[in-house]
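Below is one structure, written out as structure tokens, with a few remarks after it.
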Amino acid sequence: MTFRTRFAPSPTGPLHLGHAYSAILGHDMARARDGAFLLRMEDTDLQRSKPEWDAQILDDLTWLGLTWDEPVLRQSEQLRSYDPALERLEAMGLLYPCSCSRSQIQAALAAPQEGVTHEVYPGTCKRRDMTSRQPGDALRLHLDRALAQFVGIYPEFEETGPAHVGTHRIDPDHALAEIGDIVLSRKGEDIVAYFLASALDDISQKITDVVRGEDLFGFTPIQVILLSLLGHAIPRYHHHRLIRNEHGKRLAKRDDARSIATYRAAGKTPADIRAMVGL
Ligand code: GLU
């Protein structure tokens with residue numbers, strides 16, 4: 001199958017060096033393999049995503065010399081496309097409603113990041129069933145039941161990234177202890193969580209190889225579990241090293257000083273950016 005990868009930023013801030021590295025790496029891998037490089041805006045967080053950031057990211061990627069092979073997919077334009085998957089998981093008895101605080105749920109909807117602790121849900125609402133769902137409740141995955149669907153033969157994924165290269169089988173104890181009952185959506189407000197939307201769009205965009213930062217490696221099992229439950233084939237994953245600042249911290253959206261726009265304004269060239277990230 002032709003190699004197809006994607007760059008999937010959330011337009012909630014400027015493109016910085018770490019994003020540029022991820023995008024250039026995926027792009028170069030696709031070009032070297034005569035494959036396709038696609039873009040996807042993960043803009044399901046309607047409050048924090050801004051059209052200005054979306055436009056700036058596209059402008060920076062173009063300035064870097066990247067080209068993409070299909071129109072940009074914007075998740076905000078297809079929020080209903082995730083409903084059938086949620087309905088399927090509900091029909092399988094794998095969802096429960098959760099009314100734990102809004103801020104907890106808001107945090108649980110976004111992509112995890114290094115340095116931001118992922119809280120394993122303590123299960124406060126786990127006994128509730130779907131008939132007790134109230135407007136504004138989140139829907140959580142009942143992970144124990146989800147794992148029980150695999151009757152001992154847990155799904156696997158192929159990793160090509162340098163730190164974890166090889167085949168990884170889902171470890172149920174690890175998934176329960178480290179990931180837990182994740183939020184999949186906040187119904188009634190049209191918000192689907194990163195884990196589900198991103199995994200489903202890797203399928204809708206026919207991605208063969210997911211190229212992304214090492215900080216997401218530990219959460220790949222949950223996306224593999226969701227895709228397997230829904231009967232989808234699992235893409236290969238390539239988790240690359242992170243670009244860090246001088247204190248060894250992963251660059252974050254608020255590191256404006258390292259945004260590509262700042263380097264452009266200072267007269268740097270795309271070749272300078274490639275050199276700065278070691279490409
Ligand atoms: N949108 C995610 C982020 O900004 C990236 C998700 C992915 O590449 O799977 O961190």
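The values are calculated or read from the model by the stated rules, or taken from the named source; none is laboratory data. Since the model is a prediction, treat every value here as computed from it, not as a measurement. Glycine also receives a Cβ, built like all others from the backbone with ideal geometry; neighbour counts cover every protein chain displayed. Side chains are part of the model used for accessible areas, which takes the heavy atoms of the whole protein and leaves out ligands, DNA and RNA. Shrake-Rupley method; radii C 1.70, N 1.55, O 1.52, S 1.80 Å.
Okay, here's what the table says:
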| quantity | calculated |
| --- | --- |
| Every residue from the stretch 115-136 that is exposed (fewer than 10 other Cβ atoms within 10 Å of the Cβ) and closer than 30 Å to N245 by Cβ | G115, T117 |
| Single residue of the stretch 1-11 satisfying the filter (away from the ligand (no atom under 11 Å from the Cβ) and outside any strand (DSSP E or B)) that is nearest to L279 (Cα to Cα) | F3 |
| Residue within the stretch 59-74 that is more than 24 Å from Y263 (Cα to Cα), in contact with a helix residue (DSSP H, G or I) (Cβ under 6 Å, 6 or more places away or on another chain), in a helix (DSSP H, G or I) and touching a residue at least 40 places away in the same chain (Cβ under 8 Å) present | no |
| Every residue from the stretch 148-164 that is surrounded by 12 or more Cβ atoms within 10 Å (Cβ to Cβ) and among the β-branched types (V, I, T) | T160 |
| Residue count for the stretch 244-279, restricted to those that are under 28 Å from S49 (Cβ atoms), charged (D, E, K, R) and at pLDDT 90 or above | 3 |
| Given (1) within 12 Å of L184 (Cα to Cα); (2) in contact (Cβ under 8 Å) with a residue 24 or more places away in the chain, number of the condition A146 does not satisfy | (1) |
| Residue within the stretch 212-221 that is open to solvent by 20 Å² or more (accessible area, probe 1.4 Å), out of contact with any helix residue (DSSP H, G or I) (no Cβ under 9 Å at 6 or more places or on another chain), over 20 Å from G161 (Cα atoms) and not β-branched (V, I, T) present | no |
| Matching option when the condition is more than 16 Å from the ligand (Cβ to nearest atom), buried (at least 19 other Cβ atoms within 10 Å of the Cβ), modelled with pLDDT of 95 or more and not basic (K, R), among L200, L176, L229, L196 | L229 |
| Qualifying residue in the stretch 235-248 (condition: open to solvent by less than 30 Å² (accessible area, probe 1.4 Å), aliphatic (A, V, I, L, M) and under 24 Å from H164 (Cα atoms)) | yes |
| Positions within the stretch 75-106 being in a helix (DSSP H, G or I), open to solvent by less than 70 Å² (accessible area, probe 1.4 Å) and among the aliphatic types (A, V, I, L, M), in sequence order | L79, A85, L86, L89, I105 |
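Residue-by-condition table, conditions (1) within 15 Å of the ligand (Cβ to nearest atom); (2) crowded, with 21+ Cβ neighbours inside 10 Å:
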position	(1), (2)
G13	yes, no
H27	yes, yes
R33	no, no
F37	yes, yes
T44	yes, yes
E52	no, no
T62	no, no
E70	no, no
